[in-house]
Amino acid sequence: MKDTSNDLSTGGSGLSRRGFLRGALVGAGALSVGSFEAVAQMVGGPSVRGWGVPPGLVRIDANENALGPSPRAVEAVLSLVTSINRYGQNPDLLGKLARRHGVPVVEWTDSPFAPVKDSWIAVGAGSSDLLFAIGHAFIREGQEVVESLPGFGFLTRLANMQNAESVRVPLLEGMKPDLDGLSNAVTDRTAVVVVTTPGNPTGQLTPLSQLKPFVASIPERVLVLVDEAYIEFAENAEDREGAASLIADHPNVIVTRTFSKVFGMAGMRVGYAVANPAMIDRMNSHRGNTLTLLSTHAASAALDDETHMTRSRELAIDGKKYFYAQLDEMGIEYAPSESSFVMMNMKTDVDELVRRLREDHNVRVGNAKARWNIDGWIRVTAGLPEENEAFIAALKKVMVSS
Ligand SMILES: Cc1ncc(COP(=O)(O)O)c(C=O)c1O
């Protein structure tokens with residue numbers, strides 16, 4: 001595999017690091033320069049593939065964005081790094097998110113302590129911060145949480161911790177969620193129904209045309225949580241709009257999204273929820289002040305970088321196409337995905353396969369048996385082209401020798 005860490009030297013260009021960074025970040029041509037390269041120019045050093053990813057390791061097990069963050073987000077962080085003695089958050093983020101989802105705009109003031117009233121957006125330290133708050137705000141002992149499983153299962157786990165019950169609705173053929181099954185599983189004890197679209201680990205998208213009648217079938221006293229962590233990877237623009245438009249007619253819907261995936265900011269921890277202000281207030285009352293100056297400025301800057309979002313999506317789409325072609329050739333079954341990862345049916349002992357990929361070839365993929373009890377399957381995140389190639393080459397070697 002090509003060691004991309006070596007591509008990052010200034011190569012005697014004569015530009016200072018800071019000068020290069022500024023040049024790389026400003027102007028149209030700049031955006032063709034990857035943010036890892038820009039950061040490498042700024043800070044130097046070998047570890048520019050992201051924290052914990054030494055050269056040569058192919059880490060395609062955790063649905064991270066191999067492209068890195070937007071250069072604009074990196075610039076925002078660098079420009080504020082000496083200001084972290086102050087409390088604060090980016091005053092534009094709430095308004096930008098509200099406009100993005102067509103809900104009424106409420107702006108943060110730049111006072112970090114001023115309460116925000118009537119907001120249709122909550123921002124948290126990753127969407128899991130908000131899912132955690134939802135679990136605590138909306139689930140009581142003895143109630144039920146209904147979710148498609150195998151799935152992300154965050155609220156199911158919280159329900160179990162809170163002595164509530166989890167109701168598991170199995171997937172249909174092709175790993176599709178069973179919307180009728182979810183709707184039929186609702187009882188008068190149900191607190192929350194969860195739809196993750198696209199699903200994790202399934203990669204299956206639930207289009208708005210199906211979500212609409214589903215939401216209408218759920219009683220208004222039951223919260224419908226639509227987790228859209230991966231929706232920006234969907235190929236069709238209309239699918240990427242998601243479920244926020246349903247909130248006006250259905251105040252029991254909460255939509256969550258994250259900056260961890262298409263925006264490439266998993267380590268920065270920013271996510272948000274879109275919902276009716278009463279739901280947002282209830283959620284926020286179960287959260288501490290988890291936001292940071294750096295994370296909110298980085299998120300606000302990332303939202304302005306459509307080019308980075310498009311590149312991230314295209315990287316995932318191209319990576320999946322490459323996987324499909326290779327898997328077809330090898331006769332390996334897979335579930336075509338609208339997300340940044342693909343489930344593959346290896347029909348073998350995956351504990352051993354995953355171990356050998358890791359130990360013999362330095363390639364990490366997700367073990368769907370260990371994580372979701374899906375025997376024989378692995379979940380592989382689309383990485384950089386050379387990472388995808390390294391995975392396929394390693395897979396071939398492991399399969400031949402087993
Ligand atoms: C479906 C789904 N929802 C939510 C999350 C939480 O992500 P984060 O807390 O980084 O926003 C993840 C993380 O992988 C996920 O897969």
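The values are calculated or read from the model by the stated rules, or taken from the named source; none is laboratory data. Values in this document were obtained by computation on a predicted structure and should not be read as measured data. For neighbour counting, all protein chains shown are included, and Cβ atoms are generated from backbone atoms with ideal geometry for every residue, glycine included.
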Q | Verdict on Pro177 being assigned to a loop (DSSP other than H, G, I, E, B), touching a residue at least 24 places away in the same chain (Cβ under 8 Å) and within 15 Å of the ligand (Cβ to nearest atom) | A | yes
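Looking at the structure I just gave you, is Glu107 more than 30 Å from Gly319 (Cα to Cα), modelled with pLDDT under 95 and away from the ligand (no atom under 16 Å from the Cβ)?
On the way: more than 30 Å from Gly319 (Cα to Cα): yes; modelled with pLDDT under 95: yes; away from the ligand (no atom under 16 Å from the Cβ): yes.
Taking the combined requirement at face value, the residue satisfies it.
Within segment 249-279, take every residue that is touching a residue at least 24 places away in the same chain (Cβ under 8 Å) and over 20 Å from the mean Cα position of the chain (by Cα) and give me the one that is farthest from Pro104 (Cα to Cα).
To start, the set of residues in segment 249-279 that are touching a residue at least 24 places away in the same chain (Cβ under 8 Å) comprises 250-279.
Filter once more, keeping what is over 20 Å from the mean Cα position of the chain (by Cα): 250-252, 276-279.
Numbers: His250: 15, Pro251: 14, Asn252: 17, Asn276: 10, Pro277: 10, Ala278: 14, Met279: 15 Å.
Result: Asn252.
Taking the condition at pLDDT 70 or above, in contact with a strand residue (DSSP E or B) (Cβ under 9 Å, 6 or more places away or on another chain) and not small (Gly, Ala, Ser), does Leu94 pass? Let's see the steps before the verdict.
On the way: at pLDDT 70 or above: yes; in contact with a strand residue (DSSP E or B) (Cβ under 9 Å, 6 or more places away or on another chain): yes; not small (Gly, Ala, Ser): yes.
Judged against the criteria, Leu94 is a match.
Consider Val123 carefully, then state whether it is within 15 Å of the ligand (Cβ to nearest atom), among the β-branched types (Val, Ile, Thr) and within 25 Å of the chain's Cα centre (by Cα). Outline the logic, then answer.
Numbers: within 15 Å of the ligand (Cβ to nearest atom): yes; among the β-branched types (Val, Ile, Thr): yes; within 25 Å of the chain's Cα centre (by Cα): yes.
The answer is yes for Val123.
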Q. From Arg257, Arg311, which residue is surrounded by fewer than 22 Cβ atoms within 10 Å (Cβ to Cβ) and not aliphatic (A, V, I, L, M)?
A. Arg311
Q: Within segment 358-391, track down each residue that is in a helix (DSSP H, G or I) and surrounded by fewer than 20 Cβ atoms within 10 Å (Cβ to Cβ).
A: Arg358, Glu359, Asp360, His361, Lys369, Ala370, Arg371, Pro385, Glu386, Glu389
Q. Would a scan of segment 188-199 turn up a residue that is assigned by TED's automatic domain parsing to the domain that holds Arg168, more than 12 Å from the ligand (Cβ to nearest atom) and in a loop (DSSP other than H, G, I, E, B)?
A. yes
Q: Output the residues belonging to segment 57-73 that are modelled with pLDDT under 95 and in a helix (DSSP H, G or I).
A: Pro71
Q.
As an exercise: evaluate Leu303 against (1) among the aliphatic types (A, V, I, L, M); (2) farther than 23 Å from Val74 by Cβ; (3) touching a residue at least 40 places away in the same chain (Cβ under 8 Å) and give the number of the one condition it does not meet.
A. (2)
(Q) I'd like the full set of residues that are in a strand (DSSP E or B) and surrounded by fewer than 20 Cβ atoms within 10 Å (Cβ to Cβ), limited to segment 206-237. (A) none
Q: Return the only residue of Glu147, Glu235, Glu165 being acidic (Asp, Glu), at pLDDT 95 or above and within 12 Å of the ligand (Cβ to nearest atom).
A: Glu147
Q. When residues of segment 86-112 are filtered for being among the β-branched types (Val, Ile, Thr) and touching a residue at least 40 places away in the same chain (Cβ under 8 Å), how many remain?
A. 1
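For every residue, the table says whether it meets (1) assigned by TED's automatic domain parsing to the domain that holds Val380; (2) over 29 Å from His250 (Cα atoms).
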{"position": "Ala273", "(1), (2)": "no, no"}
{"position": "Ala278", "(1), (2)": "no, no"}
{"position": "Arg287", "(1), (2)": "no, no"}
{"position": "Thr292", "(1), (2)": "no, yes"}
{"position": "Thr296", "(1), (2)": "no, no"}
{"position": "Glu314", "(1), (2)": "yes, yes"}
{"position": "Tyr324", "(1), (2)": "yes, yes"}
